[in-house]
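Note sheet for the following structure.
The values are calculated or read from the model by the stated rules, or taken from the named source; none is laboratory data. The structure displayed is predicted, hence computed values, not measured ones. Backbone-built Cβ (ideal geometry, glycine too); neighbour counts: all protein chains shown.
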Amino acid sequence: MSRGVVVVTGGAGDGIGQGVSRAVAEAGWTALIGDLDVAAAQRVSADLRAEGLDAVGAPLDVADERSVDELFGRKVPSLGGPLRGLVNNAGVGLVKPLGDVSATEWDELHGIDLRGAFLCARAAIPLLASAGGGSIVNIGSVQALGPHVGYSSYAAAKGGLVGLTRGIAADYGWEHIRCSIIPPGLVDSPQNREIFASWGDADQFIKDYVGTRQMIPRLITPEEIGDLAAFLLSDASRSITAAEITIDAGSSRMAFDNREGRS
Ligand SMILES: NC(=O)c1ccc[n+]([C@@H]2O[C@H](COP(=O)([O-])OP(=O)(O)OC[C@H]3O[C@@H](n4cnc5c(N)ncnc54)[C@H](O)[C@@H]3O)[C@@H](O)[C@H]2O)c1
């Protein structure tokens, strides 16, 4: 029997989204996979169900207030189980120096990465409260901790998400609603591979990055982010809130090229 419903926004994406959706379903919750790409959401949920796991796909545009309210106001109650958690994963990137970013590009990015998380959290909170509490996990980015060149607008959105995380934790802790943020480093995802391919040899870029910019020379997988999200959703983390747990193989703490001084 399902432990209740956990909404994963952008949960059909074949990077972190699917890693989180799978971990949520494997932990025994019904993974409600809300995604702009509804065909992918249906496909991913059907694949999980074929493995005996509990998952449902649904259309969701986190930038659209009506779409968010439809998911939380109609779809979640139609599944019967209580809402136990939300993972704000849906996000887009933008790599451009700030001077080249149009106001429209800024608004679109923030409309998904920051405002979208606000809309989903706002819709989830009353349902979590009426279930006696729950957990909201936001997917941030190490770009908010130490941005690479060209990431200023993305860093601003993910930095805003850090503040939103702490604010939700403060506002609703007394109702046993927890909220924490996972800022991942470089994670193996098709979105990333596309960006690196546009710069040249994607495989070589990744090899150089993990070898010189991380303390641990391994490529982080979406499943690892899923495992951490599942922990933060579970009762095992019942006293953890307002936390920022980076999962970046040490990259955000490295000031120097890791080859220096290595034997
Ligand atoms: N991949 C990384 O290296 C990395 C690193 C740090 C942070 N992140 C963050 O992790 C999250 C997932 O990134 P990913 O690259 O793994 O992508 P992903 O594979 O999880 O795919 C993202 C999904 O979001 C969906 N989506 C986009 N806009 C949407 C909207 N308006 N409403 C609903 N769904 C929408 C897409 O259809 C896609 O399925 C993002 O928030 C991203 O900023 C990723």
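Please work out which residue is nearest to GLY17 (Cα to Cα), limiting yourself to segment 148-165 and to residues that are outside any helix (DSSP H, G or I) and within 13 Å of the ligand (Cβ to nearest atom). So, considering only residues that are outside any helix (DSSP H, G or I) and within 13 Å of the ligand (Cβ to nearest atom), the one nearest to GLY17 (Cα to Cα) is TYR151. Residue pairs whose Cβ atoms lie under 8 Å apart, sitting 6 or more positions apart in sequence or on different chains, and linking a residue in segment 76-94 that is part of a loop (DSSP other than H, G, I, E, B) to a partner that is of a type in the set (D, E, K, R) and modelled with pLDDT under 95, are GLY81/ARG3. Residues in segment 219-234 include at least one that is touching a residue at least 24 places away in the same chain (Cβ under 8 Å), over 13 Å from the mean Cα position of the chain (by Cα), surrounded by 16 or more Cβ atoms within 10 Å (Cβ to Cβ) and over 21 Å from GLY146 (Cα atoms). In segment 64-76, of all residues being farther than 28 Å from GLN143 by Cβ and of a type in the set (A, V, I, L, M, F, W, C), the one that is nearest to the ligand (Cβ to nearest atom) corresponds to PHE72.
Can you give me the number of residues within segment 177-207 that are acidic (Asp, Glu), more than 20 Å from GLY226 (Cα to Cα) and modelled with pLDDT of 90 or more?
Residues in segment 177-207 being acidic (Asp, Glu), more than 20 Å from GLY226 (Cα to Cα) and modelled with pLDDT of 90 or more: 2 in total.
For segment 1-58, a residue qualifies if it is in contact with a helix residue (DSSP H, G or I) (Cβ under 7 Å, 6 or more places away or on another chain) and in a loop (DSSP other than H, G, I, E, B), and the qualifying residues are GLY10, GLY11, ALA12, ASP14, GLY15, ALA27, LEU53, ASP54.
Residues in segment 116-147 that are in contact (Cβ under 8 Å) with a residue 12 or more places away in the chain and assigned to a loop (DSSP other than H, G, I, E, B): ALA131, GLY132, GLY133, GLY140, SER141, LEU145, GLY146. Just one of (1) under 18 Å from ILE182 (Cβ atoms); (2) hydroxyl-bearing (Ser, Thr, Tyr); (3) within 13 Å of the ligand (Cβ to nearest atom) fails for SER135. It is (3). Out of ASP54, ASP47, ASP37, ASP107, one residue alone is among the acidic types (Asp, Glu), under 30 Å from ASP248 (Cβ atoms) and in contact (Cβ under 8 Å) with a residue 12 or more places away in the chain. It is ASP37. In this entry, ILE220 is excluded by the filter for residues that are among the hydrophobic types (A, V, I, L, M, F, W, C), closer than 21 Å to GLY140 by Cβ and more than 10 Å from the ligand (Cβ to nearest atom).
There is no residue in segment 17-27 that is more than 17 Å from VAL137 (Cα to Cα), hydrophobic (A, V, I, L, M, F, W, C) and under 17 Å from the mean Cα position of the chain (by Cα). Tell me which residues, restricted to segment 77-91, are under 15 Å from ALA25 (Cβ atoms), of a type in the set (A, V, I, L, M, F, W, C) and within 10 Å of the ligand (Cβ to nearest atom). Selection gives VAL87 alone.
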